[in-house]
Amino acid sequence: MSAPGKRRSRIHEGLVGPRALVGTPYLADAGLRADYAAEIAPRTAAMLTRIFDLHVPGLVPRRVLDLGAGTGIVAHTLRARFGTGLEVVTVDRVAGPGITVVADLSRSGLPEGVRGRFDLIVAAHLLNEFASHEPSVRAERVRSWLASWLAPEGHLLIIEPALKETSRALLQVRDHLVAAGAFVVAPCLTQAPCPALAHPRDWCHDSAPRAQNTRADFSYLVIAPQGTAPRDPTWLRVVSDLKKEKGRTKWFGCGLEGRTAFELQTRDVTSQNEAFLRLERGRLCRVTQATPSGTGQRIGPDALVTQVAPSSRA
């Protein structure tokens, strides 16, 4: 294996495998920084595009705080989307191009040098780099960011790897934040405890399309300090890939009633429910007149399934 290949392996294994690079200033290594920029940064850009296109299309920030900014891909992506005049304050443990404040966010306490309030705080792949996986510790750190830096009408975006361990850890942080009074804007349609945590094999992630028919999987939360309008009880978010079997198609949806399996048999496909077959992980839809079937719900010929446009989100 070539030296660059070894560095890429160290990046992946060091951050989402054995995590040997966690807590170290790995971006001070020129080779690792270059490979991070080539391998991880483009995936992060795709994730941000997916989130702003599909999940929070009405969110237009004016002042952004990027925590764990790394190579600066978050600032670059957001300025490309919202204009070069967007104010972005960047914080990272390693000094580099575009880094405003040098501080180790994995340590307790808030870094000096961050001033004022922000209408968007982004923490992309940051919680995973904390040595402690204890959800209450991570949630308390996030709460300090909300209290110290987030504007009253602002939003916090957290992005984490889509592995089962990291996703479930983020869902536990979510539950701690909701219990403390925060409001989950996305991906959740309910403020109840996350139903995925009830089953050890379940976790929640989305998938962003990339070039050459590849995808970047990720878990995320959009948090606000206070709630918005109640969600439509007929809405669901698709939280699995579609599973096509002989004579039927299945997926899991999550809504106000929790996480449920839905099934449409081929013989029951009609013009009013065929949208079921075109849905994908992460999409919002509306389902009415489904009927109980075993432990899930059956989409019969009389059921209505429609995709909810991103701009319709409550």
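Residues whose amide H falls under 5 Å from that of Ala216, counting only those 5 or more places apart or on a different chain, are Ala208, Arg210, with hydrogens built in the peptide plane.
Counted by Cβ distance under 12 Å from Arg215, the other residues give a net charge of 0, where Lys and Arg count +1 and Asp and Glu count -1.
Kindly work out what percent of the DSSP beta bridges joining two residues of the range 235-312 are antiparallel, to the nearest 5.
Beta bridges within the range 235-312, antiparallel portion: roughly 90 percent.
Normalised by 2.2 N^0.38 Å, with N the number of residues, the alpha-carbon radius of gyration of the range 40-224 equals 0.97.
Report summary: the helix-based calculation at 222 nm, which adds -39500 (n - 2.57) for every DSSP H run with n ≥ 4 and divides by the residues of the chain, gives -7500 deg cm²/dmol. Per-residue Karplus couplings for the range 107-118, computed as 6.51 cos²θ - 1.76 cosθ + 1.60 with θ equal to phi - 60°, are listed in order as 8, 5, x, 9, x, 6, x, 9, 10, x, 10, 10 Hz, Gly and Pro entered as x. Taking other C-beta atoms within 10 angstrom as a stand-in for reagent exposure, Lys164, Lys244, Lys250 fall in the order Lys244, Lys164, Lys250, fewest first.
Taking the fewest neighbouring Cβ atoms within 10 Å as the starting point, the ordered list for Ser293, Ser240, Ser148, Ser108 is Ser108, Ser148, Ser293, Ser240. For the pair the range 53-128 and the range 248-314, the centres of their Cα atoms are 37 angstrom apart.
The value given for the range 140-297 is a Kirkwood hydrodynamic radius of 17.0 Å, derived from the mean inverse Cα-Cα separation.
Close amide H pairs (under 5 Å, H built 1.01 Å from N) link Phe118 with Leu150, Ala151, residues at least 5 positions away or on another chain. Charge dipole (Cα centre; +1 on Lys/Arg Cβ, -1 on Asp/Glu Cβ; no other charges) of the range 185-314 amounts to roughly 240 debye.
Here the range 22-91 is treated with +1 on each Lys and Arg Cβ and -1 on each Asp and Glu Cβ, and its dipole about the Cα centre works out to around 260 debye.
Ranking of Trp149, Trp251 by neighbouring Cβ atoms within 10 Å, starting from the fewest: Trp149, Trp251. Translational diffusion of the chain was estimated from the Stokes-Einstein equation, with Rh taken as the Kirkwood radius over Cα pairs; at 4 °C and 1.567 mPa s the coefficient is 63 µm²/s. With K and R counted +1 and D and E -1, the other residues having a Cβ less than 13 Å from that of Arg174 yield a net charge of +1.
The numbers here are math on the coordinates, done by the rules we state, and not lab data. Just so we're clear, the structure is a prediction, and the values are computed from it rather than from any experiment. For neighbour counting, all protein chains shown are included, and Cβ atoms are generated from backbone atoms with ideal geometry for every residue, glycine included.
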